[in-house]
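One structure below.
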Amino acid sequence: MRWSLDTLYTSFDSEEFREDLKRCDEYIKNIKEWVKNNLSTKDDPVEKIEEFIKIQNEFYSLFSKLSAYTELTLSVEAKNEKALRTSDILYGKIPELTEPTSTFKKWVGSLEDIDNIIEASELLKEHRFYLKEIVRRSKYLLSDKEEVIIAKMKNTGSNAWSKLQNLLSSTLLVDITIDGEEKHLPLPVVRNMAYDKNPEVRKSAYYAELKAYEKIEESSAACLNGIKGEVITISKLRGYNSVLEKTLMDSRMDKETLDAMLSAMRESLPYFHRYYRKKAEILGHKNGLPFYDLFAPVGEADMRFTFEEARDFIVNSFKGFSKRLSDYVKNAFDKRWIDAEPREGKRGGAFCYNLHPIKESRILSNFTGSFNDVSTLAHELGHGYHGACLVNESFLNSDYPMPLAETASIFNETIIKNAALKEAGKEEALTILESDISSSGQVIVDIYSRFLFESELFRRREEGALSVNELKEMMLNAQKEAYGDGLDHNYLHPYMWINKPHYYYAEANFYNFPYAFGLLFAKGLYAEYLKRGEEFVESYDNLLAATGKNSIADVAAMMNIDVHSIDFWRSSLKVIEEDIEKFISLT
Ligand SMILES: [Zn+2]
């Protein structure tokens with residue numbers, strides 16, 4: 001199945017697309033003039049803020065439609081020239097708004113009595129969090145001129161580096177010999193072989209993958225150094241103590257929460273090491289698990305799904321939780337919101353793109369029929385459902401922070417796993433349990449290694465650019481620390497910094513701990529669901545709808561969860577630890 005983008009636009013040359021691109025310029029012109037004409041005095045703050053919020057909501061709805069069409073096209077056709085050109089044009093427009101937006105923010109930041117101003121209007125009350133955030137963060141804004149320069153330079157800096165890395169990795173072909181035949185396959189296809197039943201296939205896929213990265217290692221390192229260097233420079237200019245501090249603010253999360261979560265994760269690592277060693281033993285390895293067997297299927301059960309079977313399974317499993325969720329998913333399949341299969345020129349992995357202005361989403365996956373692929377689909381549909389819960393919020397109130405971004409997705413995975421366990425025989429149950437622990441291991445142990453790597457990367461990048469060898473070495477060290485003796489240290493993965501696109505997003509640094517937050521928060525929520533049953537469902541939808549206009553701690557508090565308490569994190573981790581115990585006793 002391939003997605004249809006027709007409800008966005010039918011082509012880059014269509015009347016609608018060109019018309020909207022033109023309207024975009026008009027909006028920008030109007031916004032600039034409006035700021036010039038209105039913000040020289042502090043008179044009528046209520047009316048002025050109302051007006052600016054309205055224009056912004058309208059403009060961003062329009063702009064996000066154009067950029068969604070462009071980015072979605074590029075994600076399945078990395079070399080589409082029209083999309084590449086349009087992407088340049090659109091990115092070029094963002095800096096135009098930098099000056100008016102930063103003038104507005106500073107103006108709001110300078111208003112005395114912001115609380116009373118907000119109280120005077122329904123629209124402002126609705127955007128209370130958005131406005132309070134502006135006030136809180138206005139001190140990190142630079143002069144209008146500096147803001148404009150930074151925004152413009154990003155297009156030839158970090159944005160260009162990101163695009164280059166995306167192009168390099170999505171067009172990289174891996175040379176691999178299968179059944180005596182030499183083949184050149186897209187990277188995601190070879191990465192998927194890590195789940196293959198045949199140990200020889202997994203092993204040769206690993207070597208072929210590592211070998212292929214040599215072709216792009218120097219260029220990827222240049223991209224990474226360019227992006228992280230820029231991030232450090234800008235974060236210092238703005239007066240942040242560290243990039244992590246900025247990420248936490250962007251995440252609406254406090255350090256206390258991160259520390260509590262990381263401490264609980266560290267405490268839990270020995271459980272995962274035991275699991276990896278057990279898995280190694282089952283697969284016949286003596287010194288812990290080699291990286292290429294991390295995802296090896298365990299047990300005889302070979303669950304294969306056609307795409308249609310995957311759809312039916314997901315839709316039916318969600319029915320037991322809520323009709324709204326299952327209807328949403330059915331609709332996503334029926335209306336062709338999903339681009340399913342891997343192919344050359346299409347990017348790897350999976351993602352969901354929520355299209356707030358048209359109340360839809362699009363999902364990209366590289367589906368090859370494993371249970372893991374089904375679970376990934378359910379995961380991405382969770383992001384889509386999250387978007388669906390936000391369609392009645394304004395555009396500005398629909399923007400949720402990274403850690404909460406993984407709530408609905410992982411919640412969905414949990415539903416799918418439990419549904420599959422219910423129908424499973426003993427052998428299948430073992431396979432499902434193992435695959436679930438394996439993916440939790442990715443989110444706790446591997447994510448912890450990525451957090452370590454990125455912390456070290458920022459520390460050392462400050463002193464200068466890092467070589468390919470240094471990056472590989474740092475990655476190996478991070479993996480050794482996180483995986484301990486669970487992995488065989490002779491077979492690690494020194495190139496994970498090329499494989500994960502997250503390192504190349506200049507606007508989202510440390511895009512790792514949000515996954516751990518998401519997993520453990522979702523586990524905590526699922527435990528609530530088990531306790532409260534049906535009445536949970538409505539508060540779950542309300543929670544998702546509130547994610548764009550609250551701090552993380554406040555969102556969690558809606559369900560009586562205290563994210564500052566290490567005990568909350570421990571209790572979520574305990575669910576996984578118990579699964580590990582079960583797995584070890586079953587084998
Ligand atoms: Zn996700």
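Worth pointing out:
- Residues considered: Val148, Val174. Of these, the only one that is at pLDDT below 95 and aliphatic (A, V, I, L, M) is Val148.
- Pairing residues of the stretch 450-479 that are touching a residue at least 12 places away in the same chain (Cβ under 8 Å) and over 19 Å from Asn509 (Cβ atoms) with residues that are assigned to a helix (DSSP H, G or I) and open to solvent by 30 Å² or more (accessible area, probe 1.4 Å), at Cβ distances under 8 Å and at least 6 apart in sequence or on separate chains, gives Val468/Glu217; Val468/Glu218; Asn477/Leu452; Asn477/Glu456.
- Search result, residues across the stretch 393-410 that are touching an Asp or Glu at 6+ places or on another chain (Cβ under 8 Å) and within 14 Å of the ligand (Cβ to nearest atom): Pro401, Met402, Ser409
A quick yes/no check of all residues on (1) among the hydrophobic types (A, V, I, L, M, F, W, C); (2) touching a strand residue (DSSP E or B) at 6+ places or on another chain (Cβ under 8 Å); (3) modelled with pLDDT under 95; (4) open to solvent by 10 Å² or more (accessible area, probe 1.4 Å):
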position: Gly226; (1), (2), (3), (4): no, no, no, yes
position: Lys236; (1), (2), (3), (4): no, no, no, yes
position: Tyr240; (1), (2), (3), (4): no, no, no, yes
position: Ser268; (1), (2), (3), (4): no, no, no, no
position: Ala296; (1), (2), (3), (4): yes, no, yes, no
position: Gly299; (1), (2), (3), (4): no, no, yes, yes
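- Here Asp436 passes the criteria (1) touching a Lys or Arg at 6+ places or on another chain (Cβ under 7 Å); (2) farther than 28 Å from Val563 by Cα; (3) crowded, with 20+ Cβ neighbours inside 10 Å except the one numbered (2).
- Subset tally (residues that are β-branched (Val, Ile, Thr) and either under 17 Å from the mean Cα position of the chain (by Cα) or not in a helix (DSSP H, G or I) (or both)) for the stretch 402-414: 2
- Every residue from the stretch 339-384 that is touching a residue at least 60 places away in the same chain (Cβ under 8 Å), open to solvent by 30 Å² or more (accessible area, probe 1.4 Å) and within 12 Å of the ligand (Cβ to nearest atom): Gly349, Phe351, Tyr353
- Residues that are assigned to a loop (DSSP other than H, G, I, E, B) and either among the polar types (S, T, N, Q) or more than 14 Å from Ala212 (Cα to Cα) (or both), drawn from the stretch 143-201: Ser143, Gly157, Thr171, Asp179, Gly180, Asp196, Lys197, Asn198
- When Pro514 is tested against the conditions (1) in contact (Cβ under 8 Å) with a residue 12 or more places away in the chain; (2) out of contact with any Phe, Trp or Tyr (no Cβ under 9 Å at 6 or more places or on another chain); (3) in a helix (DSSP H, G or I); (4) open to solvent by 10 Å² or more (accessible area, probe 1.4 Å), the lone failure is (4).
- Any hit, the stretch 4-11, residues being out of contact with any helix residue (DSSP H, G or I) (no Cβ under 6 Å at 6 or more places or on another chain), within 30 Å of Glu341 (Cβ to Cβ) and assigned to a helix (DSSP H, G or I): no
- Condition check for Ser317: away from the ligand (no atom under 16 Å from the Cβ), farther than 30 Å from Ser565 by Cα and of a type in the set (Gly, Ala, Ser): yes
- Filter result for Asn490 (in contact with a Ser or Thr (Cβ under 8 Å, 6 or more places away or on another chain), more than 18 Å from Ser440 (Cβ to Cβ), more than 16 Å from the ligand (Cβ to nearest atom) and open to solvent by 20 Å² or more (accessible area, probe 1.4 Å)): no
- Residues in the stretch 481-498 that are touching a His at 6+ places or on another chain (Cβ under 8 Å) and either part of a helix (DSSP H, G or I) or free of Cβ contacts under 8 Å to residues at least 40 places away in the same chain (or both): Tyr483, Gly484, Asp485, Gly486.
A quick yes/no check of all residues on (1) farther than 24 Å from Lys549 by Cβ; (2) modelled with pLDDT of 90 or more:
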{"residue": "Leu355", "(1), (2)": "no, yes"}
{"residue": "Ser361", "(1), (2)": "no, yes"}
{"residue": "Ala419", "(1), (2)": "yes, yes"}
{"residue": "Ser439", "(1), (2)": "yes, no"}
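- Options Tyr504, Tyr540, Tyr529; residue that is surrounded by fewer than 22 Cβ atoms within 10 Å (Cβ to Cβ) and either within 21 Å of the chain's Cα centre (by Cα) or not hydrophobic (A, V, I, L, M, F, W, C) (or both): Tyr529
- Identity of the residue in the stretch 115-151, over 25 Å from the mean Cα position of the chain (by Cα) and small (Gly, Ala, Ser), that ends up farthest from Asp88 (Cα to Cα): Ala120
- Enumeration of residues in the stretch 163-187 that are out of contact with any strand residue (DSSP E or B) (no Cβ under 8 Å at 6 or more places or on another chain) and surrounded by fewer than 21 Cβ atoms within 10 Å (Cβ to Cβ): Lys163, Leu164, Asn166, Leu167, Leu168, Thr171, Ile178, Asp179, Gly180, Glu181
- Inspection of the stretch 71-79 finds a residue satisfying the criterion of being open to solvent by less than 40 Å² (accessible area, probe 1.4 Å), aliphatic (A, V, I, L, M), under 30 Å from Ser162 (Cα atoms) and touching a Phe, Trp or Tyr at 6+ places or on another chain (Cβ under 7 Å).
The values are calculated or read from the model by the stated rules, or taken from the named source; none is laboratory data. Keep in mind the model is a prediction, meaning the values are calculated, not measured. In this analysis, Cβ positions are derived from the backbone assuming ideal geometry, glycine residues included, and neighbour counts consider all displayed protein chains. With ligands, DNA and RNA removed, areas are computed over all heavy atoms of the protein, side chains included. Shrake-Rupley method; radii C 1.70, N 1.55, O 1.52, S 1.80 Å.
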